[in-house]
Structure formats: structure tokens, C-alpha cells
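Read through the structure below, which is laid out as C-alpha cells, and then see the notes.
The values are calculated or read from the model by the stated rules, or taken from the named source; none is laboratory data. The structure displayed is predicted, hence computed values, not measured ones. Ideal geometry is used to build each Cβ from the backbone, glycine not excepted, and the neighbour counts take in all protein chains shown. The accessibility values were calculated without ligands, DNA or RNA, using every heavy atom of the protein model including side chains. Shrake-Rupley method; radii C 1.70, N 1.55, O 1.52, S 1.80 Å.
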Amino acid sequence: MVDATKFAVEPRERAGKGAARAARRTGRIPGIIYGDGKPPTLIAMDPAPLIRELNRPGFFTRVFEVGLGNEHQRALARDVQFHPVNDKPEHVDFMRVSETTRVRVHVPVKFEHQDRSPGLKRGGVLNVVRHTIELWCLVQNIPQHISVDLEGLDIGDSVHISSIKLPEGVKPTIARDFTIAAVAAPSVFKTAEEEAAEAAAKAAAEAAVAG
């Protein structure tokens, strides 16, 4: 199975908002571990390692090893709740996983070789339709990102999911051949016809004023 980042946590005896606030007052972040046919486990953890991992790419696609005493559980982070004002994490949900666990997961898209796109070189704009792609796969096959090669793309060209080579056993949750991104002409550029029409309209207006 894939290597896992380790989190040390401690048990939390009571559920509910009051117990969660009590954990926060001690400087801990409350959370829960659920799934894999086992009862949920209430936890609290040091915010520093959680914040550090949140600031790294692909937080929800990485497997974590959650250590609770002598017990270590493999898990995926499934949800993080943030404070509405200071944006600090206030609660985290982990889902237990094993080698046979299949999950739906949103994987970030990484665009490469923008300097090799003729359309972008000519002033085109990369119109990103999907910043993440939802995939269905085994936990051990979760890709950290989806690479999209922009080499050779001109204005008007687009990239569809069918052109992306996914790891074995990894499939998009959407069956149709959806668009990931396209190279579009910038709206500030005008065609020769548009410029000629605007020039003619301006000349006619000036002639009307002069007359």
C-alpha cells in the first residue's frame, strides 16, 4: 500500500458541540475516524501538523496513518471545517481505508508545458473548465494529480478526459468525454472585421457631428 503521512491523535471521550469547544479551548482540534465496518472513534489532535498538511497540495488524496496510542489506522481525510472568521481548522473527519477500499476522490489538475502551446504564445487564454476531477479507484491507486499537457494546443483547441492517460484501475465518475480546459482567444483582441466596423462607425459619427 502507499506510504502514509503520520498523525498522532488522542481519544476524545464525549461527542457534541460542547465537548468539541472544550477540546479547542485546550488548543486541540476535535475530529472523528469512521468507516471500515468499525464504530466511530472520537479524537483530538495538535493543529500544527494538520495545518502543515493542509498547506501541501492534494490533502484529500493522500493516505494518513492516524496513531491512537498503540493502534495505527490508515485513513483519508474526508472533510475539514474551518472557522468563518480566522479560517483556522475547527474539525476534521477521517475515513478508515484498507488496500481493498474503493473511493470517490477529487484529484487536482496540473497543467504542464504552457510555454509550448502556440495558442498561448499568440496571446490566447487558458480557460480551465475543471480544476479537479472526481475519480473512482482503489485507495492505493489514487493519483496525487492529473497531468494535462498543453504542448501543441492552439487557439480553439481543447483537452478532453479521453486524452488523459489515467493509472490502471482509475476511472472518472462521469461517463461522458468532458472538457478539462481549452485555449481561447482573449476578449480584448478584436478581429480585423470588428476593427473595420468600429472604425467605420466612428468615422460616420464624426461626419454627422461635423455636418
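For this structure, a couple of remarks:
- If you go through the range 45-90 and keep only what is in a strand (DSSP E or B), open to solvent by 20 Å² or more (accessible area, probe 1.4 Å), of a type outside the set (Asp, Glu) and closer than 15 Å to Val103 by Cα, you end up with Arg74, Arg78.
- Among the residues of the range 107-120, just one is small (Gly, Ala, Ser) and assigned to a helix (DSSP H, G or I), namely Gly119.
- Flag if Pro143 is assigned to a loop (DSSP other than H, G, I, E, B), open to solvent by less than 50 Å² (accessible area, probe 1.4 Å) and under 16 Å from Ile161 (Cα atoms): yes
- Flag for Ile174 being among the aliphatic types (A, V, I, L, M), at pLDDT 90 or above, open to solvent by 50 Å² or more (accessible area, probe 1.4 Å) and more than 19 Å from Gly119 (Cβ to Cβ): yes
- Residue that is nearest to Val159 (Cα to Cα) [pool: residues in the range 91-131 that are open to solvent by 30 Å² or more (accessible area, probe 1.4 Å) and of a type in the set (S, T, N, Q)]: Asn127
- Yes/no for Val85 being more than 20 Å from Arg12 (Cα to Cα), in contact with a helix residue (DSSP H, G or I) (Cβ under 6 Å, 6 or more places away or on another chain) and modelled with pLDDT of 90 or more: no
- Among the residues of the range 91-106, just one is among the hydroxyl-bearing types (Ser, Thr, Tyr) and either assigned to a strand (DSSP E or B) or without any contact (Cβ under 8 Å) to a residue 40 or more places away in the chain (or both), namely Thr100.
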